Amino acid sequence: MKHILVINGPNLDLLGTREVNIYGEITLAKINEMVKQKAKELGCQVRIKQSNSEGEIVSFISEARNWTDALIINPAAYTHTSIAIRDAILAVGMPAIEVHLSNIYKRESFRQKSLVAEVCLGQITGFGPEGYILALEAAMNVLKKR
Ligand code: DQA
């Protein structure tokens, strides 16, 4: 059984009420339900975590090395600033997929640079909650080939 850790960064706990014109009305709880349902269909186990703190996200990643085969991460605003999260992904050396609800390349210029993109297998950006489902499928496809 493959194990996948899904990590959501700061302010994603506010989905549903936060900038609904950009992120929509769906809550993180609902997205997590969709992810768990998809995991059942794909026959993998998921753990899902959210934190508003950079250090805690770094710890989630380093602790994952004992349990997880792949990471799916939406680092939210830390995408654009966090060398520590980038280094943590490199340090654990497991396949990671970056997800964004919005298309970061269609937004402000400071969002158009991701510090984690280079250490991830790939990035899914702009497909809303569906991005997490696509990431789970991609992660499972990659793991099956290994
Ligand atoms: C985001 C995009 C980031 O720029 C932003 O800071 C977020 C959410 C997204 O999912 O579209 O908090 O990661």
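For the subset of segment 60-78 comprising residues that are more than 16 Å from the ligand (Cβ to nearest atom) and small (Gly, Ala, Ser), which member is nearest to LEU90 (Cα to Cα)?
Once the filter is applied, the top-ranked residue is SER62.
Restricting attention to segment 108-125, which residues are away from the ligand (no atom under 11 Å from the Cβ) and part of a loop (DSSP other than H, G, I, E, B)?
Across segment 108-125, the qualifying residues are LEU115, CYS120, LEU121.
Give the residues of segment 79-99 that are surrounded by fewer than 23 Cβ atoms within 10 Å (Cβ to Cβ) and within 12 Å of the ligand (Cβ to nearest atom), sorted by residue number.
Those that are surrounded by fewer than 23 Cβ atoms within 10 Å (Cβ to Cβ) and within 12 Å of the ligand (Cβ to nearest atom): HIS80, THR81, SER82.
Anything in segment 1-31 that is assigned to a helix (DSSP H, G or I) and open to solvent by 30 Å² or more (accessible area, probe 1.4 Å)? List them, or say none.
Listed by number, the residues that qualify are ASP13, LEU14, VAL20, ASN21, ILE22, ALA29, LYS30.
Assigned to a helix (DSSP H, G or I), among the aliphatic types (A, V, I, L, M), within 16 Å of the ligand (Cβ to nearest atom) and more than 15 Å from the chain's Cα centre (by Cα) - does that describe any residue in segment 52-59?
Checked against the condition, which is being assigned to a helix (DSSP H, G or I), among the aliphatic types (A, V, I, L, M), within 16 Å of the ligand (Cβ to nearest atom) and more than 15 Å from the chain's Cα centre (by Cα), segment 52-59 yields no hits at all.
The values are calculated or read from the model by the stated rules, or taken from the named source; none is laboratory data. Just so you know, these numbers come straight off a predicted model, no measurement behind them. Heads up, the Cβs are rebuilt from the backbone with ideal geometry, glycines too, and the neighbour counts pull from every protein chain shown. SASA here: full protein model, heavy atoms, side chains in, ligands and nucleic acids out. Shrake-Rupley method; radii C 1.70, N 1.55, O 1.52, S 1.80 Å.
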